[in-house]
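The values are calculated or read from the model by the stated rules, or taken from the named source; none is laboratory data. Source: prediction; values computed, not measured. Cβ: placed from backbone, ideal geometry, glycine included. Neighbour counts: every protein chain shown. To get the accessible areas, we keep the full protein, side chains included, count just its heavy atoms, and leave off ligands, DNA and RNA. Shrake-Rupley method; radii C 1.70, N 1.55, O 1.52, S 1.80 Å.
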Amino acid sequence: MRKVSLLLLTGLTIYGCKIGSTDFGDPIGEYKSDKDISPRVVAGFPWFSKYKNPTAYIPLECYTDTGKALTGKAFANPCYVCHNGGNTPVDNAGDWENQINWLRFPSDDNPWLNAVAPEKTFEKILDSGKKWTELDLINKVVKDNKENKTVHIDSWIRQNNWEIAYQQTAKLGSSNLLGLGEYALDIPPLYRWNGTSFERTGYIDSEGFIYSSETDHTDQTNTWWRAYDWKHFPGFFPTNGRLDSAMIRLPEKFRKKDGQYNKDIYKINLAILECSIKQITKNCDVEPLNTDILDSYNISYQKLTDGIRFLKVPERYVGDASNIDVWQTKPDGTKVGLYPVGTELGHPVYYIDPDWENRPYLGGKTGQLKEFRYMKKLVMQDLSVSGEEEESISYPPYDNGLMLNDPGTWLMGGWIEDKNGNLRPQSEEEMAFCIACHGAISGTVDNTFSFWRKLPKSAGWKDTDYGYNRDNFDLKYWADQLSNIEDQDASIYLGTIYGKYDPKDYNEYQLYFTMTNGIDHFRSNKEGVCRIFGYRLYDKNSDACKETALDPSATLSFNTALNYLKITSDTNILTDKTLIGYLNNNGSIKQELFLPSKEKAYSLDGRYIQVVLSQQFVYGRDLFGEAFGTKDGGNSLEEEDFYNLKLSDPGLEEKGLIAVFKTLLGF
């Protein structure tokens with residue numbers, strides 16, 4: 001079967017393609033028993049009609065506005081972070097053309113109603129005349145008028161649902177022989193509310209290893225899960241509502257030598273994997289390792305003051321995994337680093353501690369999870385296959401919170417909150433949300449986002465705290481291929497980058513902020529923009545950035561700040577690095593760039609709790625202060641609400657704004 005993400009992300013090549021009709025009338029209503037739920041293709045897209053959101057696998061990010069049509073400046077390109085020249089020579093490495101395909105005003109048939117029209121979902125008007133849920137930021141509460149209850153945000157985020165799920169051995173999947181298997185949560189909580197404050201638990205040690213005991217850290221209590229710190233994907237920051245941890249576990253044979261558990265063997269195997277997933281074959285720097293073991297396997301290395309440099313990354317793993325090849329080889333001889341079969345990844349997603357500045361060492365982590373996501377590598381890709389197989393679509397297999405990713409190489413699983421805040425297995429449609437991002441897009445390595453971005457050496461073996469990261473030049477990064485978009489057709493949409501700006505000359509986030517004209521994919525986070533320039537807060541009344549560490553009276557017009565982020569401006573953070581205010585003197589990134597102010601944290605937490613109380617996750621988990629597409633929302637089309645624009649086959653009606661946009665983009 002052809003990969004779904006290839007189909008869905010290359011299919012939209014005509015302007016304003018209509019991909020179906022979402023039922024905006026009563027999205028909360030029941031399904032019709034006579035409804036045709038068979039999957040089909042509509043305008044090149046798989047259309048899973050038994051879902052309320054029939055294209056649940058196309059994320060909200062793909063509906064972002066990419067230019068300010070009303071001002072005549074049609075340029076902003078967050079698309080490149082997922083669709084680029086390719087991070088690894090496998091899967092869909094090189095789908096950069098999708099930057100071009102999506103650099104258009106998106107169809108108003110946007111199914112992510114929580115962002116587009118929350119009044120249709122979690123703020124729907126009830127028979128009583130009240131909204132289903134209401135957020136009161138003055139009193140820091142969320143009201144559920146359907147259940148007639150009021151939730152205090154502080155109380156909600158202190159519930160410790162991760163600890164409860166772990167103690168109850170929460171499970172995904174089933175023991176059914178025809179099912180997808182079973183996973184019992186075996187990762188204890190890393191954080192909890194202790195009655196007076198959030199704290200890091202004793203289950204994790206200083207090297208990132210996670211144990212089943214808080215006091216006894218031995219091989220017998222080692223879960224062999226290991227947390228790692230990674231340079232977060234551009235835009236996916238806590239200030240935009242994404243706060244997480246990441247952890248990895250290799251299969252049992254990678255942890256043993258001669259049948260006995262051996263932490264030194266395991267650390268060497270993790271180091272080898274780190275290099276291979278980063279596609280580094282020579283001169284790879286890793287944490288300090290047992291050199292006696294390295295010598296016994298004739299591994300070529302150099303001692304560093306703070307680690308080991310593999311002069312040549314081994315061809316095989318060590319210990320009981322010494323029969324496992326590190327590299328996969330394509331027919332053309334290219335070596336590819338992929339995860340071994342059986343590799344597991346864990347990904348808890350947290351609520352944000354509004355008082356994180358009093359506990360900066362915790363990085364904003366709380367005891368309450370929004371989700372816990374899990375992946376396990378099932379099969380190794382067949383690199384001998386060339387060309388496309390016959391196209392087909394089907395519903396992905398699902399089993400009590402487990403689902404296959406679209407290439408079928410990984411098993412994905414997830415818990416999400418029930419209306420009381422406890423973790424429950426995600427439904428089939430809720431899991432479909434994960435399909436495309438962990439499919440064959442070129443912004444990933446082996447369908448994953450984080451481990452190939454692990455910080456080097458020992459600094460990368462701890463839970464992330466969003467502090468002391470560096471905007472590194474040296475991480476393997478898609479910007480190496482960004483010049484590919486500068487062909488004759490692409491220049492219509494993107495302007496001239498190549499020749500004026502070489503991505504290799506800039507730090508990753510520095511380039512992202514200018515390519516995107518903001519700190520998130522939707523240019524919705526004004527506070528975050530201010531923090532790029534060293535200002536802590538955005539003041540709505542004056543439309544300006546205020547309060548710097550050096551000069552509390554200093555201000556910066558928000559429009560000026562945006563101009564400094566435009567890649568088309570003569571003066572921007574690429575041409576004048578003195579404008580950058582998010583770096584410390586040693587070049588590390590200030591923690592406050594990633595983490596929000598107390599006020600914004602309460603807004604992000606409270607807005608999400610509204611969705612939890614209504615259990616409307618199928619309509620989106622990315623939320624804004626205002627509805628997406630409005631003047632102050634997640635889109636820069638001032639005073640335009642594309643949710644209310646009309647559709648006509650084959651797409652948007654060619655009048656008004658649409659006619660302007662088509663003229664600007666040369667259609």
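Observations on the model:
- Any hit, the range 401-423, residues being within 15 Å of the chain's Cα centre (by Cα), open to solvent by 20 Å² or more (accessible area, probe 1.4 Å) and over 21 Å from VAL612 (Cα atoms): no
- Once the range 554-598 is narrowed to residues that are under 23 Å from the mean Cα position of the chain (by Cα) and in a helix (DSSP H, G or I), the residue that is surrounded by the most Cβ atoms within 10 Å (Cβ to Cβ) is PHE594.
- The test for being in a helix (DSSP H, G or I), free of Cβ contacts under 8 Å to residues at least 40 places away in the same chain and open to solvent by 50 Å² or more (accessible area, probe 1.4 Å) does not hold for SER128.
- Qualifying residue in the range 348-361 (condition: closer than 21 Å to ASN447 by Cα, among the aliphatic types (A, V, I, L, M) and outside any helix (DSSP H, G or I)): yes
- Condition met for ARG607 (within 30 Å of TRP132 (Cα to Cα), open to solvent by 10 Å² or more (accessible area, probe 1.4 Å) and assigned to a loop (DSSP other than H, G, I, E, B)): no
- Identity of the residue in the range 233-260, acidic (Asp, Glu) and on the phi < 0 side of the Ramachandran plot, that ends up surrounded by the fewest Cβ atoms within 10 Å (Cβ to Cβ): GLU252
- Of the strands (runs of 3 or more DSSP E) that lie entirely inside the range 183-286, those containing 3 or more residues that are more than 30 Å from ILE519 (Cα to Cα) span 209-211, 222-227, 282-286.
- Of the criteria (1) at pLDDT 95 or above; (2) within 20 Å of SER427 (Cβ to Cβ), which one ASN145 fails: (2)
- Qualifying residue in the range 369-376 (condition: more than 30 Å from ARG158 (Cβ to Cβ), modelled with pLDDT of 95 or more and touching a strand residue (DSSP E or B) at 6+ places or on another chain (Cβ under 6 Å)): yes
- The listed residue being farther than 22 Å from HIS438 by Cα and out of contact with any Phe, Trp or Tyr (no Cβ under 9 Å at 6 or more places or on another chain), out of GLY363, GLY319, GLY333, GLY367: GLY333
- Matching strands (runs of 3 or more DSSP E) fully within the range 287-335 where at least 3 residues are touching a strand residue (DSSP E or B) at 6+ places or on another chain (Cβ under 8 Å) and at pLDDT 95 or above: 301-304, 307-312
- Given (1) of a type outside the set (Ser, Thr, Tyr); (2) under 20 Å from the mean Cα position of the chain (by Cα); (3) within 30 Å of SER427 (Cα to Cα), index of the condition ASN517 fails: (3)
- Members of the range 524-537 found to be surrounded by fewer than 23 Cβ atoms within 10 Å (Cβ to Cβ) and assigned to a loop (DSSP other than H, G, I, E, B), listed by number: PHE533, GLY534
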